[in-house]
Amino acid sequence: MFNSVFFEDLGVKYPIIQGGMAWVADSSLASAVSNAGGLGIIAAANAPTDYIRDEIRKAKKLTDKPFGVNIMLLSDNAEEIAHLVCEEGIKVVTTGAGNPGKYMELWKSHGIKVIPVVASVALAKRMERAGADAVVAEGCESGGHIGELTTMALVPQVVDGVNIPVIAAGGIGDGRGVAAAFMLGVQGVQVGTRFLVANECTIHENYKKKILAAKDIDSVVTGRPTGHPVRVLKNKLARQFQKLEKEHATIEDLEELGRGCLQKAVKEGDIVMGSILAGQIAGLVKKEQSCKEIIEEMFNQAEEAIIKFK
Ligand code: TUI
């Protein structure tokens with residue numbers, strides 16, 4: 001039912017992209033998603049270039065299906081990663097937290113499909129003009145760095161604003177969300193939070209437990225004063241951020257507090273003083289499953305949701 005020419009051309013069975021979650025989306029998760037018929041993504045985040053090269057090479061051994069790399073444009077080594085994906089013959093690049101316009105020609109000349117993640121119609125249009133193959137329209141229900149608009153408001157406006165395929169992201173955690181997104185006119189969905197608890201996701205057990213225990217109102221946005229709003233689950237660190245922000249702390253102090261906090265949560269399982277990036281849909285995520293089970297369940301449920309209205 002959810003046939004998408006864009007994903008078929010990529011050789012991807014289900015129109016689903018796994019979110020490029022910083023320090024989470026490694027070769028294990030990306031290859032499992034790709035093997036399950038979705039499009040797995042390795043997140044470059046602000047990791048060292050050599051580490052990302054190793055992850056790409058590991059993923060190539062773990063899957064013969066296409067997978068992509070997400071480039072976080074605020075990273076100091078974004079330019080190096082932009083060249084690395086060309087050297088490694090990566091087929092799909094997604095980008096986040098900025099405008100990838102300056103790399104577009106390079107990637108197109110290497111036959112890479114470019115899918116920028118956007119949070120506004122204006123950037124979607126700019127990306128289309130620059131040669132993007134599709135865009136992910138990401139609402140502020142998402143975890144991590146976010147824009148201003150909700151998925152429900154952003155996605156149909158981006159669909160109307162561009163002629164390239166649009167993929168919806170933000171707040172999609174089960175088949176009902178997939179079905180709803182397709183009603184808005186998209187060709188696919190991007191899912192992050194649900195994959196945090198996938199069996200093949202290598203994050204610390206404490207992080208997974210925190211997601212599984214989350215309620216609807218357990219996420220909060222910090223970082224607005226720095227110009228980089230980030231959605232995280234509430235904990236002591238998030239409360240300290242909110243306190244400093246209320247006191248109009250300097251950007252340096254806020255950045256100092258946040259340094260290394262994501263890795264603290266992901267690797268060490270520090271869920272008190274680590275950053276637990278997650279979307280608002282965390283409250284819906286109640287069980288650990290394989291990527292195959294997650295994807296098949298989502299699309300079966302989406303079909304059922306739509307059949308109900310026929
Ligand atoms: O990028 C993401 N999600 C992320 S990146 C990240 S690492 C990070 N940590 C702390 C601060 C900043 C980054 C964690 N999660 N999602 C895609 C996304 N892109 N959401 C919003 C945007 C975005 C926002 C503004 C894209 C472009 C933009 O403006 C660019 C322009 O020139 O208009």
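Readers should treat all values here as calculations from the given coordinates under stated rules, not as data from a laboratory. As the structure is a prediction and not an experimental result, all values here were calculated from the model. Methodologically, a virtual Cβ is constructed for each residue, glycine included, from the backbone with ideal geometry; neighbour enumeration extends over all protein chains shown.
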Within region 272-310: backbone nitrogen closer than 15 Å to the THR150 label point (7 Å, Cα to C-beta): 280-281
Value of [θ]222 nm, deg cm²/dmol, for the chain, DSSP H segments ≥ 4, -39500 (n - 2.57) each, nearest 500: -12000 deg cm²/dmol
Measure of compaction for region 227-290 (Cα Rg per 2.2 N^0.38 Å): 1.23
Per residue, the convex hull volume that the Cα atoms of region 153-235 enclose (Å³): 146 Å³
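Calculate, for ASP76 and GLU105, the FRET efficiency according to 1/(1 + (r/R0)^6) with r their C-beta to C-beta distance and R0 25 Å; round to the nearest 0.05. Walk me through the numbers before you get to the answer.
Working: r = 22 Å, r/R0 = 0.88.
That gives a FRET efficiency of 0.70.
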3J(HN,Hα) from dihedral phi, region 182-193, Karplus parametrisation 6.51/-1.76/1.60, rounded to Hz, x for glycine, proline: 5, 5, 7, x, 8, 9, x, 10, 10, 10, x, 3
Förster radius 41 Å - calculated FRET efficiency between GLU205 and ARG129 (Cβ-Cβ, nearest 0.05): 0.35
More than 28 Å apart - percent of Cα-Cα pairs taken over the chain: 33 percent
Gap separating the Cα centres of region 1-73 and region 185-201, nearest whole Å: 11 Å
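Please go through region 194-247 and write out the trypsin sites (Lys or Arg not before Pro) that DSSP classes as loop and that have at most 14 other C-beta atoms within 10 Å.
Values: sites: ARG194, LYS208, LYS209, LYS210, LYS215, ARG231, LYS234, LYS236, ARG239, LYS243, LYS246; in loops: LYS215, LYS234.
When the trypsin sites (Lys or Arg not before Pro) of region 194-247 are filtered for loop state and at most 14 Cβ neighbours within 10 Å, LYS215 remain.
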Percent antiparallel among DSSP beta bridges (both partners in the chain, rounded to 5): 20 percent
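Taking the Kirkwood radius as the inverse of the mean 1/r across Cα pairs, report the Rg/Rh of region 172-310. Don't skip to the answer; put the middle values down first.
On the way: Rg = 17.1 Å, Rh = 16.3 Å.
Rounded to two decimals, Rg over Rh is 1.05.
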